[in-house]
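These notes are about the structure you will find just below.
Coordinate-derived values only; no laboratory data. The structure presented is a predicted model; accordingly, all values stated were derived computationally and were not measured. We place every Cβ from the backbone using ideal geometry, glycine too, and count neighbours over all the protein chains shown.
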Amino acid sequence: MQMTMEFRRKLPTPLELKDQYPVSERVKKLKEERDRVIEEIMTGKDGRMLLVIGPCSADHEDPVLEYISRLSRLQEKVADQIFIVPRIYTNKPRTVGTGYKGMLHQPDPEKKEDMLGGIIAIRSLHMRAAEECGFTCADEMLYPENHRYLSDLLSYVAIGARSVENQQHRLVASGIGIPVGMKNPTAGDLTVMMNSIHAAQSAHTFLYRGWEVATPGNPFAHVILRGYVDRYGRSHPNYHYEELRNVQDLYAERDLANPAVIVDTNHCNSGKKYGEQIRISKDVLHSRRHSDDLRRLVKGLMIESYLEDGCQGIHEHSYGRSITDPCLGWEKTERLVLDLAEDWKR
């Protein structure tokens, strides 16, 4: 039987796209400095909180950049306690495979899929965040083969709950050269996540984008706790003190570099009740204060936030409100980040 794929057009390689849309020397230096800071947070040399924060998905360039410009001003207020890495998530995993898959697929959510327009749009957005706001950002590595379109602009990568068991994600994570957070799988088995970290921290040889490649292993692969779903489809959190101690024990059982945890305050930890992120964030910091071990282990938080509270349908056109998962609006976000900066000092 013949393949049913329709090969529509040949897209530029990452190298060709980077040549067409090159980063400036200023941005190269910015990325080097920000990469260094995040690595020092992961090793404990820098004691600030790592805060990965932003919209569930980057849907429109203008509101995303307005949000990030506000983050830039907020960063100045909390610089002694918090190091902010904005989320610019340009790929959106879909539970049943349908719906808006992110800016990579649809640079305009109301128009047809356009992969050429998409790879240009995501590179443009990340470049503008760096040039105009001074941020190199985070993205989810949903498609490992696409990572190199942004590899000179990203300072943090997350591997999602549905991808963490995938061999290609683990192998590519071993060679991307920046911290990569491995989420626990949707069913919650923490040993699966730890196996993924072990794989990402190890050296490998494999096939990637038509090349045989070798990687040294990524010593900054680490845990992201995002809650889980049981066999009845009910959400359960895994950010509490006891769960954090359990992850500490799992790290202790393995010879892994730089034990670290980032807590994702949304998804199954909040049951997608976006307002709960405020309470959950403060609960995690409370746990840190009661254990020196957790103070060293918990490096920060991941928060879903945008200009406006909640979410909307694609065709509703409320500026700066998520068209995927609901997010905290800016007013609540700013207050929370200022509170977290105070709590982190304790």
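In a DSSP loop and with at most 13 other Cβ atoms within 10 Å, the GluC sites (Glu not before Pro) in segment 1-89 are E6.
In percent, what relative contact order does segment 1-130 have, based on Cα pairs under 8 Å that are 6 or more apart in sequence? Result for segment 1-130 is 22 percent. Could you tell me whether segment 245-301 comes out rounded, prolate or oblate from its Cα gyration tensor? Rule is a ≥ b ≥ c as square roots of the eigenvalues, rounded for a/c under 1.5, then prolate if a/b exceeds b/c, otherwise oblate. Verdict is prolate for segment 245-301. Going by the alpha-carbon gyration tensor, a ≥ b ≥ c the square roots of its eigenvalues, is segment 1-129 rounded (a/c under 1.5) or, if a/c is not under 1.5, prolate (a/b greater than b/c) versus oblate? Judged from the Cα gyration tensor, segment 1-129 comes out prolate (a/c at least 1.5, a/b above b/c). In segment 104-197, Cα pairs under 8 Å separated by at least six residues give a relative contact order of 19 percent.
Under 5 Å from the amide H of D309 lie the amide H atoms of G329, W330, each residue being 5 or more positions distant or on a separate chain, with H modelled from the backbone and absent for Pro and chain starts. Over the chain, Cα pairs under 8 Å with separation of 6+ residues give a relative contact order of 16 percent.
Looking at the square roots a ≥ b ≥ c of the eigenvalues of the Cα gyration tensor of the chain, which shape do they give, rounded for a/c under 1.5, prolate if a/b is larger than b/c, or oblate? Since a/c stays below 1.5, the shape of the chain is classed as rounded.
Taking the fewest neighbouring Cβ atoms within 10 Å as the starting point, the ordered list for V263, V213, V96 is V96, V213, V263.
The phi torsions of segment 282-289, fed into the Karplus equation with coefficients 6.51, -1.76 and 1.60 and a -60° offset, translate into couplings of 6, 5, 5, 5, 4, 4, 4, 5 Hz, rounded to whole numbers, with Gly and Pro shown as x.
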